[in-house]
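These notes concern the structure reproduced below.
The values are calculated or read from the model by the stated rules, or taken from the named source; none is laboratory data. Since this is a predicted model, take the numbers as computed values, not measurements. When we count neighbours, we look across all protein chains shown, and the Cβ atoms used for this are built from the backbone with ideal geometry, even at glycine.
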């Protein structure tokens, strides 16, 4: 079977604790198995230059890992003088995914920055960051609405993400780190709570896959995301 | 219909001229419509530290755009002190994609660096870079085989890429720049010459898509890549 | 009296939870009031070049703040291309302080890196980092001793730190952020569990202080550190 | 005689193809033997801060080499975090030289950036860049004049450059790479089409030269530049 | 005894030559034994953004060492791409210390930057920089007052600094480089001419100290600073 | 006549004080009028990788300006993260010029780094740096020869430099800053003590010059350099 002993379509346990950072407009600590990500949403009453005056808002994200979130200590990106290619890719993905669930006109000219910092890593950190990041975003938007600064809810639907991969010829849901390092093909599926697709990133390192396998992975992703959306709804209720 | 006036499933004209850089082990200038990319393959008899002694080779890629390849002049990355996030993402994609078509054991402990420099841009530069990059790689490997340095052909199959997107609700093949800027959903499909999938990157900026639409895009991609592979075969014949 | 309503010589509540990072050799989450710092100790069987072959070990530290640990979001240091002057000063202080409690000969040629990441800030983060950092270090060293890799305990005594300052002419112990921003004179006292002084940093921003005041601050510091050392002992028991 | 087999005062064949970059206001591909440089001129309706409000325009230049333009692959400057000293020197020279042929008052408050990117290098790239850069500049200015944005021609005369050197005691014109690496003394002469001198850079690496030799080099330079100016005139006719 | 042969409480000879940089508003070359620091004060009629409009001025400092100021040549910080941690710590200290002697309201909205460049180093460079930096500041302020731009003297008192340390169990004043490298405990005391304390930085590298020793060091510091203040007064008379 | 009131062919007063930096193998403070440059030569018993094992030595140079060496304060290069283009050009020129006077075989496998730091600037700093840099180099080489580490004198001849320019149509020798900023054409001539030319850099900013003018400038340069060489000889006698 799979290294973790889970069924092929079995997610790890998911928990989302909200309100964990007293300064942030919205925050949560999401745990997907041993992967722990601290997410905060920070509101600013200004937007990037390229949309100034458009009446539209902006949602962006940043991602980081604590040096010892991983099995052996990683170099701190602040000391190496820049964010690595992987970090930049991930934070662009988180921002793009969250924006796909936002009506930016309804948000109005303000910016929300979602910070996702991995305290402990065991595979699937970017998916946990998107899923938890949406919860932080939801809480910050709730605050705006309660204050009357925003009239129409700018959040169209939940946004959640899960990884899938092919391991020993078998499609798997929600890979942990040992599974991820062995899978020749893996990827991330970002969906909205209403089932629409936002982003698919399937990638084969030294391997390939067929259209039939692609369809099976898609089925698994839909299963996983629906469970994550349920956890999100409970957390923000 | 589509801004370019092409049919929904119609590629732009493709040409591949080889042997254009006298110092490189392999090189070509690929033109996909007005998108022109100069590709070279550089051989080195050394490998990165992480595979030293493994008996395996490595293929990597770098990507750049000339400042005035675009409609308005872009800042030169060498002057801004680093490669931007987009550049890093693209060159990681090119390297990963090309490696999926390489038997690294057969290549032996040597590295081939594929440089893809965009002389003129009109959408789809990363796909043209992958398609042209494979031709440069093929020519460099031919040289190695002719010299007897490599016995078994390390190239398993061609690697080629095409973009698809959804524009005004319609799935389109091979988007040029005006189409790309209007499409709410677009992505890149990288396939091998034998039809296997290597990488799928579908992404919606401020939009979403359904599973049915995903299947249509996949059909278009298969059509486009088979034409590109034919052009590659002619170029290296 | 003081903004926080505490007595002049009253510390905030202190808690230290150990074993919070599964990959680290030692770890804790220290909370001093609303200041929360996650500390980990990472062991490596190598030392910096300048002591290679000396038979001695090394202890070093790094410090960071999550962007939204503060009242308004700070820029992430990884994106600004370098660690700021304040960060560098603090992490040099943490490393220097911890080393003053270590018999580096007894540690042997290995390095322990203590990472202190501020999850939430409310004044005194560097003091909390030193106090919590020592706990993480203690736990990592315990592991080395249990494994028999180290025979003699290399930790001479506890190392703990507290801030003191002068606010409205009155000497205060353990300043929170509002107190710290109002105090004209403030500083940090790092002591060992046996009462020896390791480091004193008193500094006046736009103010000065007398020798008599200096003596009062020293008294407060001794009171505070003895409470912190008690909390450290309980945590590692 | 000389390694290339040419006569001492013989230039390599020169060709200049214009209009090769569809987005640029002016562009050309100049080939001097195996040295190939792609030049573009980009117009902006703004000037650098230090001449804002002066009524005068500005011409500046940037220079780059593709990684495999050279015999062995060079590191891409964008990845090394900055432009090297040689690149900076060359692009400052190109900009300064072109400005010596421009009436900046007649140009009016606008900036033209000339990008010179070496596709293939075989010695004399900076001279080819100046000569080709002037052609791109000429074409961009023609466009401005045709549009009526500029009334008086701001280009006073052609600007062209050639290298000369002393090899085995003999003065040579237009050194290719093998000649350049052997010459103890070499330099660049930048002249206007009307014969006036703009810049002389003679430099001896581990050697020296006499005033008599300097005069001979000057004669060669005048011969070479007059041929280049002829080629420029034909190209822009 | 001590390595230098001086008495425990004996300073090195101190000289301060003023007016050594013709462009600066105030300047001096301070020599404390073989430690030579060139100090200049530069006046600008603008302030940093964070105090704009406050009516208050600002005093800041920068510090550098010539590459061969030290026994073996150090790398130039301009070539290593940034100021090291030690440099940043020192220049923050100089600025903070000088500001403690300034009435920023009386100075008015202008900035004075004090540059301290070490021409020759033999221990105690930061203390010499503070002491000499104050002289440069005094001279620049005199100029402002003579010109009538400032009515009330913004300098409250002199600011001077001296190092003390514990060597072989003995407290020493004004350590030179050989003494400093051997001392287990050392630090810097910054005082005003009126005897008030501005900053204390006592630090033990691999050692500790007691409260009794701390008091002895404080006595030494008061002795040393009073001699430095006398030298400052003579220099600016 | 000329702004400084000097005759057209009149140098500023030149003084060279040696032995001014106690740690350096050779050093001097050169003053050419109000331009003051501190030069040191640092010896290392290692060479750069590209000549390791060749039996030859290396001479290199670095150049810097103190922030307030100029009329208005310049930004410190260490804080701006890199050396500017002008600095890099100048230090490459100094190194290249000095090497033209060195028999690198006779020097043997060792490196001498010449640091030239401008304490006060009033035009012609790079020429003063070369002239003073040679004196520091001479003194360091003398030390090597006295110690018997080098048998044959590796210094072939003196190396000295002077600037010339065309101001109001008149050729001038040794321009100070006000003259330099007004001259349309100016440049630097580096010669050996035996009259051989090492480097010529004539450059016109927004102007041009004729061959006849070039000859006049050359005459002036020869006059100036012979006076500088005399000063060098006196200084090292």
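Could you say whether any residue in the range D:139-150 is closer than 24 Å to residue D:11 by Cβ and in contact with a strand residue (DSSP E or B) (Cβ under 6 Å, 6 or more places away or on another chain)?
Checked against the condition, which is being closer than 24 Å to residue D:11 by Cβ and in contact with a strand residue (DSSP E or B) (Cβ under 6 Å, 6 or more places away or on another chain), the range D:139-150 yields at least one hit.
Pick from the range C:159-186 the residues that are within 13 Å of chain E (Cβ to nearest Cβ) and without any contact (Cβ under 8 Å) to a residue 60 or more places away in the chain: which of them is nearest to residue C:134 (Cα to Cα)?
Only one residue fits best here, namely C:186.
For residue E:204, work out the one condition from (1) at the interface with chain C (Cβ under 8 Å from one of its Cβ atoms); (2) closer than 21 Å to residue E:101 by Cα; (3) buried (at least 21 other Cβ atoms within 10 Å of the Cβ) it doesn't fulfil.
Unmet for residue E:204, out of (1) at the interface with chain C (Cβ under 8 Å from one of its Cβ atoms); (2) closer than 21 Å to residue E:101 by Cα; (3) buried (at least 21 other Cβ atoms within 10 Å of the Cβ): (2).
May I ask you to list the residues in the range A:32-82 that are touching a helix residue (DSSP H, G or I) at 6+ places or on another chain (Cβ under 6 Å) and part of a loop (DSSP other than H, G, I, E, B)?
A:56, A:57, A:73, A:74, A:76
Could you tell me which numbered condition residue E:99 fails, if it satisfies all but one of (1) in contact with a strand residue (DSSP E or B) (Cβ under 8 Å, 6 or more places away or on another chain); (2) buried (at least 18 other Cβ atoms within 10 Å of the Cβ); (3) under 26 Å from residue F:90 (Cβ atoms)?
Every condition holds for residue E:99 apart from (3).
Of all the residues that make up the range D:22-76, how many are without any contact (Cβ under 8 Å) to a residue 40 or more places away in the chain and buried (at least 24 other Cβ atoms within 10 Å of the Cβ)?
Of the residues in the range D:22-76, 1 are without any contact (Cβ under 8 Å) to a residue 40 or more places away in the chain and buried (at least 24 other Cβ atoms within 10 Å of the Cβ).
Tell me, please, whether a residue that is farther than 20 Å from residue A:161 by Cβ, more than 9 Å from chain C (Cβ to nearest Cβ) and in a loop (DSSP other than H, G, I, E, B) can be found in the range A:110-126.
There is at least one residue in the range A:110-126 that is farther than 20 Å from residue A:161 by Cβ, more than 9 Å from chain C (Cβ to nearest Cβ) and in a loop (DSSP other than H, G, I, E, B).
Which one is nearest to the other protein chains (Cβ to nearest Cβ) among residues in the range A:56-78 that are more than 18 Å from residue C:21 (Cβ to Cβ) and modelled with pLDDT of 95 or more?
Restricting to residues being more than 18 Å from residue C:21 (Cβ to Cβ) and modelled with pLDDT of 95 or more, the top hit is A:62.
Mind checking which residues of the range A:198-221 are assigned to a strand (DSSP E or B) and farther than 19 Å from residue A:89 by Cβ?
A:209
Determine, yes or no, whether residue C:224 is within 25 Å of residue E:166 (Cβ to Cβ), in contact with a strand residue (DSSP E or B) (Cβ under 7 Å, 6 or more places away or on another chain) and not in a strand (DSSP E or B).
Yes, satisfied.
Is it true that residue E:19 is at pLDDT 95 or above, at positive phi and surrounded by fewer than 19 Cβ atoms within 10 Å (Cβ to Cβ)?
Yes.
Any idea how many residues of the range E:94-139 are touching a residue at least 40 places away in the same chain (Cβ under 8 Å) and under 20 Å from residue F:74 (Cβ atoms)?
Summing the residues that are touching a residue at least 40 places away in the same chain (Cβ under 8 Å) and under 20 Å from residue F:74 (Cβ atoms) in the range E:94-139 gives 14.
Being in contact with a strand residue (DSSP E or B) (Cβ under 9 Å, 6 or more places away or on another chain) and facing another protein chain (nearest Cβ under 10 Å) is the filter; apply it to the range D:207-216 and report the residue that is surrounded by the most Cβ atoms within 10 Å (Cβ to Cβ).
Restricting to residues being in contact with a strand residue (DSSP E or B) (Cβ under 9 Å, 6 or more places away or on another chain) and facing another protein chain (nearest Cβ under 10 Å), the top hit is D:209.
Among the residues of the range F:83-109, what is the count of those that are part of a helix (DSSP H, G or I) and out of contact with any helix residue (DSSP H, G or I) (no Cβ under 7 Å at 6 or more places or on another chain)?
10
Give the residue, chosen from F:81, F:85, F:148, that is surrounded by fewer than 19 Cβ atoms within 10 Å (Cβ to Cβ), on the phi > 0 side of the Ramachandran plot and within 13 Å of another protein chain (Cβ to nearest Cβ).
None of the other options fit; the residue is F:81.
Identify, by number, the condition in (1) in a strand (DSSP E or B); (2) facing another protein chain (nearest Cβ under 9 Å) that residue E:189 doesn't meet.
The one condition residue E:189 does not meet is (2).
Looking at B:27, B:9, can you tell me which residue is outside any strand (DSSP E or B) and in contact with a helix residue (DSSP H, G or I) (Cβ under 6 Å, 6 or more places away or on another chain)?
The unique qualifying residue is B:9.
Would it be correct to say that residue B:222 is at negative phi and without any contact (Cβ under 8 Å) to a residue 60 or more places away in the chain?
Answer is yes for this residue.
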